[in-house]
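Asks: Input: one structure, supplied below.
The values are calculated or read from the model by the stated rules, or taken from the named source; none is laboratory data. Here the structure is a predicted model, which is why all the values come from computation and not from measurement. A quick note on method: Cβ atoms are made from the backbone with ideal geometry, for glycine too, and the neighbour counts reach across all protein chains shown. Accessible surface areas use protein heavy atoms only, side chains included; no ligands, DNA or RNA. Shrake-Rupley method; radii C 1.70, N 1.55, O 1.52, S 1.80 Å.
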Amino acid sequence: MIDQFPHMHTALEEAKKAATLGEVPIGAVVVGPEGGVLAAAGNRIIGPKDPTGHAELIAIRQAAQTLGSERLTGCSLFVTLEPCAMCAQAIAFARIGRLYYGAEDPKGGGITVGARIFSQPTTHHKPEIYGGILENQSAQLLRDFFSARR
């Protein structure tokens, strides 16, 4: 069977690396217009004491540096958890073309719940959105992480 979402597996690996550092296991991958990985990252909030150290933001920053542009037009973002409002707005600002995410985030999501950033009339760029990609694996990783801490 051909894996339709190999980049989501890479995002899951980044999430697992984040968990080994004590970070909430969320991973993100930015893929360029030609299909190559431009950046991959996991959450880095707790270690560096950076509330903006979300996997999506780190990957977007790295991809922008790689491309030498603040616009990631034609790029795709794969992330293991529905982005929060802060990350959703960064996705819009970066002009990312497609967003693929794993599990929905009923508490902090910014796309299907909460702020619903891409539904706001003031959001000038809205990517194509595909949710539920490897949802079970993404959600299980988070459940395992938090149950080990309780």
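Asks: With every protein chain present, what is the per residue accessible area of the chain (1.4 Å probe, Å²)?
Replies: Per residue, the chain has an accessible area of 51 Å².
Asks: Short version: what are the Cα gyration tensor semi-axes of region 32-112, square root of 5 times each eigenvalue, largest first, in whole Å?
Replies: Semi-axes, largest first: 20, 15, 11 Å.
Asks: Mind putting a number on the dipole of the chain about its Cα centre? Charges go on the C-beta only, +1 for Lys and Arg and -1 for Asp and Glu, and I need it in Debye to the nearest 20.
Replies: 360
Asks: Explain nothing, just compute: Karplus ³J(HN,Hα) = 6.51 cos²θ - 1.76 cosθ + 1.60, θ = phi - 60°, for every residue of region 30-35 in order, whole Hz, x for Gly and Pro.
Replies: So the Karplus estimates, Gly and Pro as x, are 9, 10, x, x, 8, x Hz.
Asks: Would you please give the residues with an amide H less than 5 Å from that of Y101, counting only those at least 5 places away or on a separate chain, with H modeled from the backbone geometry?
Replies: It is V79, Y130, G131, G132, I133, by chain and number.
Asks: Suppose accessible area is computed on protein heavy atoms with a 1.4 Å probe; arrange L142, L21 from highest to lowest.
Replies: Output order, biggest surface exposure first: L21, L142.
Asks: For the chain, what % of the accessible area comes from carbon and sulfur atoms, probe 1.4 Å?
Replies: On the chain, the fraction of accessible area on carbon and sulfur atoms equals 55 percent.
Asks: Pulled fully out, how much extra length does the chain show between R98 and R71, if you take 0.36 nm times their separation in residues and subtract their Cα-Cα distance?
Replies: Difference between extended and current length: 8.4 nm.
Asks: May I have the count of lysine pairs in the chain with C-alpha atoms under 23 Å apart, counting pairs 8 or more residues apart or located on different chains?
Replies: For the chain, the number of qualifying lysine pairs is 5.
Asks: So, one more: What nm value, rounded to one decimal, do you get for the distance between I46 and K107 when each label is placed 7 Å out toward the C-beta?
Replies: Inter-label distance under the simple model: 1.3 nm.
Asks: Based only on the alpha carbon positions, what is the Kirkwood hydrodynamic radius of the chain, in angstrom?
Replies: 15.0
Asks: In region 74-121, which trypsin sites (Lys or Arg not before Pro) fall in coil by DSSP and have 13 or fewer other Cβ atoms within 10 Å?
Replies: K107
Asks: A further question on this structure: For R143 paired with V37, estimate the spin-label separation in nm (one decimal), with each label point 7 Å from Cα along the Cα-to-Cβ line.
Replies: In this crude label model, R143 to V37 measures out at 2.7 nm.
Asks: Still on this structure, I have one more. Taking region 72-150 on its own, what percent of its Cα-Cα pair distances exceed 21 Å?
Replies: Looking at region 72-150, the distances longer than 21 Å represent 27 percent of pairs.
Asks: Right, here's the next one. Once you treat every alpha carbon in region 1-56 as an equal point and sum by Debye, what is log10 I(q)/I(0) at q = 0.18, 0.31 Å⁻¹?
Replies: Reported log10 I(q)/I(0), two decimals: -0.58, -1.14.
Asks: While we're looking at this one, here's another question. What residues qualify as long-range amide H neighbours of G110, i.e. H under 5 Å apart, gap of 5 or more or another chain, H built at 1.01 Å from N?
Replies: C84, A85
Asks: In the full protein assembly as shown, how much of H125 is accessible to a 1.4 Å probe, in Å² to the nearest 10?
Replies: 40
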